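Bear in mind that the values in this text are calculations on the coordinates, not laboratory data. Nothing here was measured: the structure is a model prediction, and the numbers come from that model. Cβ atoms come from the backbone with ideal geometry, glycine included; neighbour counts cover every protein chain shown.
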Amino acid sequence: MTGSITPKDVIRILEEIGVLLELKGESPFKSLAYTNAARRLETLDEDLEELVRRGDLKSVKGIGDALNRKITELVTTGRLEYYETLRASVPPGHLEMLRIPGLGPRKIRTLHEKLDISTLGELEYACLENRLVELPGFGTRTQQKILTGIEHLKRYRERRLCSEALEAAEPLLAKLRGRAGVVAASLAGSLRRGNETVKDIDLVAASDDPEALSQWFASLPDAESVIARGSTKVSVFLKAGINADLRIVTPREYPFALHHFTGSKEHNVAMRGRAKQLGIKMNEYGLFRDEALLPCGSEEDVFAALGLAWVPPELRENTGEIEAAETGVMPALVQMKDIRGIFHIHTTASDGSSTLEAVVEAAKKMGLEYIGITDHSESAFYAGGLTPEDVRTQHRAIDALNRKDPAFRIFKGIEADILPDGRLDYDDATLASFDFVIAAVHSHFGMNEDEMTERIIRALANRRTTILAHPTGRLLLAREPYALDLERVIDAAAEHGKVIELNANPHRLDLDWRHCKYAKRQGVRIAVNPDAHHTDGLADMKYGLNIARKGWLEARDIVNCMGLEEMTAFLARSKQ
């Protein structure tokens with residue numbers, strides 16, 4: 001495609017146009033046309049650029065003359081004048097306000113028309129002045145919710161999801177490694193440690209010509225602006241909306257610098273303390289005994305010089321990794337190659353955008369042995385939840401596909417809503433028809449801690465429940481976890497022999513890695529699941545595995561590392 005425009009960019013711009021039109025108060029049909037066009041392109045089987053080149057884009061359902069012209073302009077020129085003009089006509093603060101729960105385009109228009117509010121700061125001030133209380137459609141409770149939402153936005157404004165940061169960082173790293181004169185290069189910082197969210201991108205590179213590398217990095221087309229540039233450090237603000245810092249060191253310094261800039265701060269402090277006990281000075285430039293450098297050719301050598309086994313980056317949080325490394329035995333952390341199957345997948349039967357057949361083909365291409373389909377249950381009407389008749393229809397389709405390819409297994413599952421009283425939202429006969437049941441909280445998030453904890457524990461006590469989905473309900477940078485005594489929940493899962501999900505969707509990454517360690521100690525098995533709503537979502541497994549590794553989990557701790565035969569037996573036992 002022309003310039004840096006990608007199919008994802010085209011889809012994002014179409015979605016944003018739909019939102020901007022809503023904010024402008026345009027006809028909902030006009031807004032919906034752009035949103036629907038984005039959905040069509042998301043599920044497109046053909047190459048978008050090729051369709052445009054051939055002039056066949058109008059053959060896609062929902063793409064008329066006007067949309068065809070705009071998408072063609074985007075693909076062929078890398079920009080769209082209509083979008084740029086529309087975006088410039090809407091206060092940028094209005095787009096930011098959409099991230100506040102409960103504030104949709106209509107309410108934002110009201111705030112603008114009645115109170116002339118254009119920015120987040122103006123909205124916060126208006127709330128503090130109680131100016132929203134008498135506004136039609138708002139009131140005291142809404143005003144307080146908006147204030148809480150603003151506080152949340154301000155707290156996380158400078159952070160990004162790991163998936164967003166990696167999407168910007170990985171191409172940079174590839175370019176660095178392909179650059180002449182770069183001996184070695186790596187991600188560093190919290191991104192290398194597999195953290196859920198990050199503030200910026202850290203990179204470390206070894207080169208004998210730091211000035212040339214510094215100039216090259218600062219002039220990359222990915223960079224929107226240069227914040228600072230020297231021969232050993234370059235800071236740029238990327239067009240992706242995140243800072244990237246490159247540290248340039250000599251090949252001799254590289255192992256020490258990589259360890260130091262990977263962190264965490266707490267891990268580094270503990271490592272320096274250990275070095276001091278051994279009579280060694282440790283910093284980003286090397287290990288020194290009596291001012292003499294202890295040569296190290298790799299990070300492994302750095303740890304070995306301190307009498308330690310190499311510690312994987314994900315574990316470097318000073319939560320016991322140094323003590324474990326001292327014994328010489330570190331956990332064999334789970335890897336993608338250990339995953340034999342995937343659960344928690346939605347299809348077009350509920351709110352997914354890929355068919356059952358498309359999901360099966362994508363899973364086979366990944367080399368998986370089985371999948372578990374889990375569309376939403378009946379009470380999730382907002383997500384097209386399945387009626388008992390819908391369930392029977394889907395089961396017949398799964399049976400037919402299983403007969404076609406006995407070497408690959410599709411397990412029949414459901415994501416059943418946990419009702420406020422802890423019941424699941426199907427009768428027992430319907431629940432019994434599934435191979436497994438994922439139980440999830442999707443409503444009544446405002447319960448107090450005792451109520452919510454008891455609600456989930458009652459669901460875990462249900463003999464039909466197999467897995468507890470996204471246990472705390474958090475949405476990273478968007479919604480705090482609901483009030484919950486998670487250790488009691490994990491203890492109940494251990495008591496009833498239930499599995500807890502580590503939801504790999506980068507917006508969730510729930511179970512938190514800190515509680516993975518507790519679950520492991522309690523003997524609770526974990527299912528790393530993508531919660532995929534499209535075939536592309538299956539790839540989110542990599543983010544979940546980062547968190548699993550950070551939580552010290554090994555293949556034996558994760559149920560979907562079981563082979564097909566073992567998993568079939570496991571699910572059969574769990575139903576008894």
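The HN-Hα couplings worked out from phi for segment 554-560 by the Karplus form 6.51 cos²θ - 1.76 cosθ + 1.60 (θ = phi - 60°) are 10, 4, 5, 8, 10, 5, 7 Hz, whole numbers, x standing for Gly and Pro.
On a per residue basis, the convex hull of the C-alpha atoms belonging to segment 260-330 measures out at 77 Å³. In terms of packing, defined here as the mean over residues of other Cβ atoms within 10 angstrom, the peptides 45-54, 8-17, 110-119 line up highest first as 8-17, 110-119, 45-54.
Grab the other residues whose beta carbon is less than 10 angstrom from that of residue 244, score K and R as +1, D and E as -1, and report the net. Net charge around residue 244: -4.
In a fully extended conformation the segment linking residue 79 and residue 98 would gain 4.4 nm over its present Cα-Cα distance, using 0.36 nm per residue.
Above 32 Å, the calculated P(r) of segment 336-574 contains 11 percent of its Cα-Cα pairs.
Distance distribution P(r), segment 158-251, all Cα-Cα pairs, bin width 10 angstrom from 0: 18, 54, 26, 2 percent. Set the Cα radius of gyration of segment 92-156 against 2.2 N^0.38 Å, with N its number of residues, and you get 0.96.
Which of 163, 246, 194 sits farthest toward the positive end of the charge dipole of segment 158-251, with +1 on the Cβ of Lys and Arg and -1 on the Cβ of Asp and Glu? Sorting the options by dipole projection puts first 194.
Based on DSSP H segments of at least four residues, each scored -39500 (n - 2.57), the chain has a per-residue ellipticity at 222 nm of -13500 deg cm²/dmol. Look at where the Cα atoms of segment 410-488 and of segment 184-239 average out, and the two centres are 43 Å apart. Calculation over all alpha carbon pairs of segment 7-88 in 5 angstrom steps from 0 returns a P(r) of 3, 16, 29, 29, 15, 7, 2, 0 percent.
Cα centroid separation, segment 67-127 to segment 562-576: 50 Å. Report note on the peptides 68-77, 506-515, 95-104, 566-575: ranked by the mean count of other C-beta atoms within 10 Å, highest first, their order is 506-515, 68-77, 95-104, 566-575. Here the contact order of segment 58-193, divided by its residue count and restricted to Cα pairs under 8 Å and six or more residues apart, works out to 15 percent. P(r) tail for the chain: Cα pairs beyond 31 Å make up 58% of the total.
Think of each Lys and Arg Cβ as +1 and each Asp and Glu Cβ as -1; about the Cα centre, that makes the dipole of segment 260-330 roughly 260 debye. Only lysine pairs 8 or more places apart or on separate chains count here, and in segment 7-88 those with Cα atoms under 21 Å apart total 9.
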